[in-house]
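**Student:** Take a look at this one; I'll ask things after.
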Amino acid sequence: LLSRAARAESDMARAASARDSWPRSPGAGTPAWQLRLSRLNESVAKAQAHLDEVRRQQDNLAEEARKAGAYPGWIR
């Protein structure tokens, strides 16, 4: 889960960077520009959803381990 979380965070950062670096002024408002920006926003949303899911899995694992009596340091 830790490696999946690191990958998900990397994917999220890469998608956000691509979206944020997309030029705002030249061609703004054209259908092709809007379509590309929409796709960039979708990729950010997908990356965020994936990151949220991995974090939720980590929380579930920690809760299951706690209920099973595992020491907290084992999960960190």
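The values are calculated or read from the model by the stated rules, or taken from the named source; none is laboratory data. A quick note: this is a predicted structure, and the numbers were derived from the prediction, not measured. Heads up, the Cβs are rebuilt from the backbone with ideal geometry, glycines too, and the neighbour counts pull from every protein chain shown. Quick note on the areas: whole protein, heavy atoms, side chains included, nothing else; ligands and nucleic acids left out. Shrake-Rupley method; radii C 1.70, N 1.55, O 1.52, S 1.80 Å.
**Student:** Working from Cα positions, state the angle (0 to 90°, nearest 10) between the long axis of helix 2-21 and the longest principal axis of the chain.
**Tutor:** With both axes taken from Cα atoms, the answer is about 20 degrees.
**Student:** Sticking with this structure for a sec: Probe of 1.4 angstrom, ligands and nucleic acids ignored: what's the accessible area per residue over the chain, in square angstrom?
**Tutor:** Accessible surface, normalised per residue, equals 74 Å².
**Student:** Quick check: at a probe of 1.4 Å, how many percent of the accessible area of the chain sits on carbon and sulfur atoms?
**Tutor:** It is 55 percent, rounded to a whole number.
**Student:** Once the cut-off is 20 Å, how many percent of the Cα-Cα pairs in the chain end up in the long-distance tail?
**Tutor:** The share of Cα pairs beyond 20 Å in the chain comes to 49 percent.
**Student:** Principal axes first, then extents: for the Cα atoms of region 13-57, list largest minus smallest coordinate on each axis, whole Å, largest first.
**Tutor:** On the principal axes, region 13-57 reaches 41, 16, 9 Å in Cα extent.
**Student:** To continue, here is another question. Please give the peptides 52-61, 28-37 ranked by average Cβ packing (other Cβ atoms within 10 Å per residue), highest first, as a rough proxy for protection.
**Tutor:** 52-61, 28-37
**Student:** How would you rank 15-24, 39-48, highest first, on the average number of other Cβ atoms within 10 Å across their residues?
**Tutor:** For the peptides 15-24, 39-48, the packing ranking is 39-48, 15-24.
**Student:** Counting each DSSP H run of 4 or more residues in the chain as -39500 (n - 2.57), what helix-only mean residue ellipticity at 222 nm follows after dividing by all residues, to the nearest 500 deg cm²/dmol?
**Tutor:** That calculation yields -28000 deg cm²/dmol at 222 nm.
**Student:** Taking the Cα centroid of region 39-76 and of region 4-20, what is the distance between the two, rounded to the nearest whole Å?
**Tutor:** The distance from the Cα centre of region 39-76 to that of region 4-20 comes to 16 Å.
**Student:** Further, regarding this structure: Counting pairs of alpha carbon atoms under 8 Å apart in space and at least six apart in sequence, what relative contact order in percent does the chain give?
**Tutor:** 39
**Student:** Hey, another quick one. Given a Förster distance of 22 angstrom, what is the FRET efficiency for R66 paired with L1, based on the Cβ-Cβ distance and rounded to 0.05?
**Tutor:** 0.90
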